[in-house]
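The values are calculated or read from the model by the stated rules, or taken from the named source; none is laboratory data. Since we're looking at a predicted model, the values are computed, not measured. Positions of Cβ are generated from backbone atoms using ideal geometry, with glycine treated the same way; all protein chains shown enter the neighbour counts. Please note that ligands, DNA and RNA were not included when accessible areas were found on the heavy atoms of the full protein model with its side chains. Shrake-Rupley method; radii C 1.70, N 1.55, O 1.52, S 1.80 Å.
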Amino acid sequence: MKVLVTGGSGFIASHCLKTLLAGNHTVVTTVRSAEKGEKILAAHSEASKGQLSYVVVPDIAQEGAFDKAVISDPPFDAVLHTASPFHFRFQDPKELLDPAIHGTKGILRAIKNSAPSVKRVVITSSFAAIVNPDGHPDVYSESRWNPVTYEEGIADRAKSYRASKALAERAAWSFVEEEKPGFSLATICPPYVFGPPIHPPESQEALNTSNLGFGSLMQGGWKEKLPPTGTWLWVDVRDIALAHVRAMEIPEAAGNRFFITAGHFDMKEVAEIAKKNFPEYADKLPAELISDKPNPLYDFDNSRSREVLGLEYMPLETSVVNTIKFLQSHPL
Ligand code: NDP
């Protein structure tokens, strides 16, 4: 298939590129600058000639941002929309909300208007669009929605990211329902995503948000106290990439949300794995490791991801060890 992937510089997107290339798909990715595009081409030397290219889309929040990017010759068969801000460095919550919501609506509109060959769109949503921190159910599954509103996302910084993801995903499903485009939609909802990045970060600050804890652990930031887990569910980035690609390839994935999680975890388990496999970090961790897992804790149902997408999840130990080894070999 010929696939457009948005935000190819991202942690998750770069693994999507790798999985797509390995599956013999032809890929065009959007990036904010030609400089980033060249770095991506260099980082994916496994691509055969002409298999990977980029187009520049400087800001997905702008009206018409994707109008040109969705047009290609030969035309696209599928689109993976992963680009969306995931950080907590924002001044104004709109820095998260606008790119997430306008970017999602914008790309769907552009595909409908100008890329009728596209048959499947896969959007990277999040557990943030599922979780309800004000009232957890007994079991989280695709049927759950975070009830957060735009106004709450603006008023409460703690809710801004979750609102950006929940409202963007709702907007995507509404678009499909109301506009009845020629493509079907699937969304991918991961919790904490760990794993080795493909593009080595240039600094501690440049490390992707969900791996920040690993950088901190290795630099002694966990010495006094483990960081709060916050979300007691995780998944490896390579499983997430596979989920995107299978959601694009498998006909039965159409019209589905997928809750993609390997299961429960907490920072105590991460610390124990680090200590066992990398004794050099033992003195960078508290002497006593204490779990912050609530009891009882909500359960999860990932059966749709296993049944429809055929996912088998990587264990936490493999993911943690791979991530730390990568960061050791690319010191920040
Ligand atoms: P990254 O920060 O690594 O990637 C985000 C990507 O979005 C980058 O390519 C970034 O470009 C691009 N981007 C952000 N804002 C804009 C904008 N205004 N205009 C153009 N491009 C923009 O994060 P992840 O890979 O972790 O996240 C990717 C997706 O996965 C997001 O949708 C995120 O919400 C979702 N997700 C991530 C989870 C995780 O734990 N990592 C968990 C659940 C969902 P640039 O690099 O140039 O800034």
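Under the shape rule built on the C-alpha gyration tensor, where the axes satisfy a ≥ b ≥ c, the range 246-332 is oblate, since a/c reaches at least 1.5 while a/b does not exceed b/c. Close amide H partners of Thr187, meaning residues 5 or more places away or on another chain with modelled amide H under 5 Å apart, are Ile123, Asn256, Arg257, Phe258. Summary value for the chain: 17 percent relative contact order, contacts being C-alpha pairs under 8 angstrom separated by 6+ residues. Relative contact order of the range 228-268: 66 percent, from C-alpha pairs under 8 Å at least 6 residues apart in sequence. Using θ = phi - 60° in the Karplus curve 6.51 cos²θ - 1.76 cosθ + 1.60, the 3J(HN,Hα) couplings for the range 307-316 round to 6, 8, 9, x, 6, 10, 8, 6, x, 4 Hz; x is entered for Gly and Pro. The dipole here belongs to the chain: it is taken about the Cα centre, uses +1 on the Cβ of Lys and Arg and -1 on the Cβ of Asp and Glu, and is about 540 debye. If both residues of a DSSP beta bridge must be in the chain, then about 5% of such bridges are antiparallel. Of the whole protein surface, Ile60 contributes about 20 Å² of accessible area at a 1.4 Å probe radius. Could you tell me which of the pairs Lys18/Lys284; Lys2/Lys180; Lys225/Lys275; Lys2/Lys68 are separated by over 25 angstrom between their Cα atoms in the structure shown? Table pairs above 25 Å Cα-Cα are Lys18/Lys284.
Judged by the ratio a/c of the largest to the smallest principal axis of the C-alpha gyration tensor, the chain counts as prolate, that ratio being 1.5 or greater while a/b is larger than b/c. With all protein chains kept in place, the per residue accessible area of the range 88-161 amounts to 47 square angstrom at a probe of 1.4 angstrom. Taking every alpha-carbon pair under 8 Å whose residues sit at least 6 apart, the range 183-316 reaches a relative contact order of 35 percent. With the charge dipole of the chain set up from +1 on Lys and Arg Cβ and -1 on Asp and Glu Cβ about the Cα centre, the Cα lying farthest toward the positive end among the listed residues Thr261, Gly103, Trp222 is that of Gly103. Look at the Cα gyration tensor of the range 62-194: its axes a ≥ b ≥ c give a/c of at least 1.5 with a/b over b/c, and that counts as prolate. Residues whose amide H comes within less than 5 Å of that of Asn146, counting only those at least five positions distant or on another chain, are Ile130, Val131 (H built at 1.01 Å from N in the peptide plane).
Across the range 153-167, coupling constants 3J(HN,Hα) worked out from phi with the 6.51/-1.76/1.60 Karplus curve, θ = phi - 60°, read x, 7, 7, 10, 4, 5, 9, 4, 5, 4, 5, 4, 6, 5, 6 Hz, and Gly and Pro carry x. Loop-resident chymotrypsin sites (Phe, Trp or Tyr not before Pro) (DSSP state other than H, G, I, E or B) in the range 61-92 with no more than 15 further Cβ atoms inside 10 Å of their Cβ: Phe88, Phe90. Between the amide H of Val5 and those of Val28, Thr29, Thr30, Leu80, distances stay under 5 Å, these residues lying 5 or more places away or on another chain, with hydrogens modeled in the peptide plane.
Solvent-accessible surface (1.4 Å probe) assigned to Met248 amounts to roughly 10 Å². The string of couplings for the range 180-192 from the Karplus curve (6.51, -1.76, 1.60, θ = phi - 60°) is 6, x, x, 10, 9, 10, 9, 10, 10, 10, x, x, 3 Hz, one whole number per residue in order, with x for Gly and Pro.
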